[in-house]
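The values are calculated or read from the model by the stated rules, or taken from the named source; none is laboratory data. If you're wondering where the values come from, they're calculated on a predicted model, not measured in any experiment. Every residue, glycine as well, gets a Cβ built from its backbone with ideal geometry; the counts of neighbours run over all protein chains shown.
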Amino acid sequence: MKTQIMVTTARGLENTLRGEVASLGLPVLWAGSSGVKTEGTFVDAMRLNLHCRTGHRVLFLIKSAVCMNADDLYREVFTVPWESLIPADGYVSVSSHIANETIRDNRYANLRCKDAIVDRIKEKKGKRPDAGPEQTGTVVNIYWRGEECEIYLDTSGEPLSKRGYRKMPLDAPMQETLAAGVILTAGWSGAGNFINPMCGSGTLAIEAALIALRRPPGLVRPSFGFMHTLLYDKKAWEQIRAEAIPANAELTGKIIAGDHNPAAIDAARRNAETAGVAHRIEFSVCDIAETPVPEGGGTVVVNPEYGIRLGDEAALVGTYRKIGDFFKKRCKGYEGYLFTGSPKLAGQVGLKSKRRITFMSGSLECRLYQYDLY
Ligand SMILES: C[S@@+](CC[C@H](N)C(=O)[O-])C[C@H]1O[C@@H](n2cnc3c(N)ncnc32)[C@H](O)[C@@H]1O
């Protein structure tokens, strides 16, 4: 059975996500800053979870209803045959996006929704699932605007940015979905070298390797929301995974990750091992000025601190000047990219950017600056 599927994302990634959805052969019914709407089967939702590099959550529509208030919500949710969607001995959590004037606190709506689900299952099965805030079991999502209420199964559960490979986080890591979006926006998909000085926990280099090797981002993640529903077809999932494991893709260029902090390189290497791509990345403990830059050109992406979470803006002026020097002196023939939340510090690079693209990193507006280094 086909239904609407909403793949959510962060602002700035919607165009890339639109391309990803279309490349899976699914129609794009709508695209906006919050995500991309498509339609498909539950198996399509599983494919989206496995393949989407820039999607956060894959929401599978169960019911659309008119709800004026929380009592309507309870009634409408109760009519859904949850006993055939959620195991009676499972665990349910409800999340929501609500703009309805009768609801002052989303937690109240979530509670009424959860009550309707467990009451229904108790009535039909004589047993009720546990419920709570963890998103490690079945997740139900309510999207309620005015009187229009949509009830979804969140087939991702934990957001897809949690790929499962970052076992060794450092301070201020980039979200995996954002890192993939930055690389795809930069137009790098495996041709030429990919250089990532200041790599921290290695997210950009690891996502670059996954992209170049055509490895789906969900391949190493052990759990998704869909696995905790009664619609889960384990055989179909195994088949989708098997079909998605790429033949050994040849890399024409090198992927290089450097950082002056040995602990960062240690974490990046271990994360890359978990992701199954450590063999494709060359790691180097070095100051940005000493980062190995092979002949042949390619793409260089730098994500320095920007004074919000780590360090302070004034103290980072020298770092940004160093990035500028590195771009100018060492990266001729490359496309240079700087990802930062500080336009002031970006100005210290001392190069005129050819393009600026805005992304949201959590609640913070960030920009990707592109420099022609020819
Ligand atoms: C914001 S973090 C990078 C986060 C990374 N994108 C991730 O996902 O984990 C910035 C990194 O730059 C490194 N760094 C700062 N100054 C440096 C320099 N002059 N040379 C090399 N690395 C530097 C820091 O050690 C830190 O790991």
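Considering only residues that are of a type in the set (S, T, N, Q) and within 21 Å of THR155 (Cα to Cα), which ones fall in the stretch 84-133?
If we filter the stretch 84-133 for residues that are of a type in the set (S, T, N, Q), which is where we start, we get 84, 93, 95-96, 100, 102, 106, 110.
Those that are of a type in the set (S, T, N, Q) and within 21 Å of THR155 (Cα to Cα): SER84, SER93, SER95, SER96, ASN106, ASN110.
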Subject >> Residue that is farthest from VAL300 (Cα to Cα) [pool: residues in the stretch 351-369 that are among the polar types (S, T, N, Q) and not in a loop (DSSP other than H, G, I, E, B)] >> reply: SER361
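Quick check on my filter: what residues within the stretch 118-152 are among the β-branched types (Val, Ile, Thr) and either more than 18 Å from SER64 (Cα to Cα) or part of a loop (DSSP other than H, G, I, E, B) (or both)? Walk me through how you get there before you give the answer.
Residues of the stretch 118-152 among the β-branched types (Val, Ile, Thr): 118, 121, 136, 138-140, 142, 151.
Residues satisfying the conditions are VAL118, ILE121, THR136, THR138.
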**OP:** Select from the stretch 164-178 the residues that are buried (at least 24 other Cβ atoms within 10 Å of the Cβ) and under 8 Å from the mean Cα position of the chain (by Cα) and list them in ascending order.
**Re:** GLU176, THR177, LEU178
Subject >> Boolean, ARG270 is surrounded by 17 or more Cβ atoms within 10 Å (Cβ to Cβ), within 13 Å of the ligand (Cβ to nearest atom) and of a type outside the set (A, V, I, L, M, F, W, C) >> reply: yes
Original post:
Being part of a strand (DSSP E or B) and in contact (Cβ under 8 Å) with a residue 40 or more places away in the chain, is that true of even one residue in the stretch 320-336?
Top reply: yes
**OP:** Considering every residue within the stretch 76-90, establish whether at least one is of a type in the set (D, E, K, R), in a loop (DSSP other than H, G, I, E, B) and modelled with pLDDT under 95.
**Re:** no
**OP:** Residues being over 24 Å from the mean Cα position of the chain (by Cα) and surrounded by 15 or more Cβ atoms within 10 Å (Cβ to Cβ): count how many of those fall in the stretch 234-250.
**Re:** 0
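Taking the stated definitions as given, is THR319 β-branched (Val, Ile, Thr) and closer than 28 Å to ARG214 by Cα?
Details: β-branched (Val, Ile, Thr): yes; closer than 28 Å to ARG214 by Cα: no.
No: the conditions fail for THR319.
Against the definition (within 27 Å of CYS366 (Cα to Cα) and loosely packed, with under 14 Cβ neighbours inside 10 Å), how does ALA263 come out, yes or no?
Values: within 27 Å of CYS366 (Cα to Cα): yes; loosely packed, with under 14 Cβ neighbours inside 10 Å: yes.
When the stated conditions are applied, ALA263 passes them.
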Original post:
Counting just the residues of the stretch 1-58 that are without any contact (Cβ under 8 Å) to a residue 12 or more places away in the chain and not in a helix (DSSP H, G or I), which one comes out farthest from GLN135 (Cα to Cα)?
Top reply: GLY25
Subject >> Residue count, the stretch 190-214 (criterion: at pLDDT 95 or above, among the charged types (D, E, K, R) and away from the ligand (no atom under 16 Å from the Cβ)) >> reply: 0
Subject >> In the stretch 286-300, the residues that are more than 9 Å from the ligand (Cβ to nearest atom) and not in a loop (DSSP other than H, G, I, E, B) >> reply: GLY298, THR299, VAL300
**OP:** For the stretch 324-334, enumerate the residues that are buried (at least 21 other Cβ atoms within 10 Å of the Cβ) and within 13 Å of the ligand (Cβ to nearest atom).
**Re:** PHE326
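When only residues in the stretch 301-323 that are of a type outside the set (Asp, Glu) and more than 12 Å from the ligand (Cβ to nearest atom) count, which is modelled with the highest pLDDT? Let's see the steps before the verdict.
Here is the first cut: in the stretch 301-323, the residues of a type outside the set (Asp, Glu) are 301-304, 306-311, 314-323.
Subsequent filtering for residues that are more than 12 Å from the ligand (Cβ to nearest atom) retains 314, 317.
Values: ALA314: 86, VAL317: 94.
Step by step, filter the stretch 301-323, then rank; the result is VAL317.
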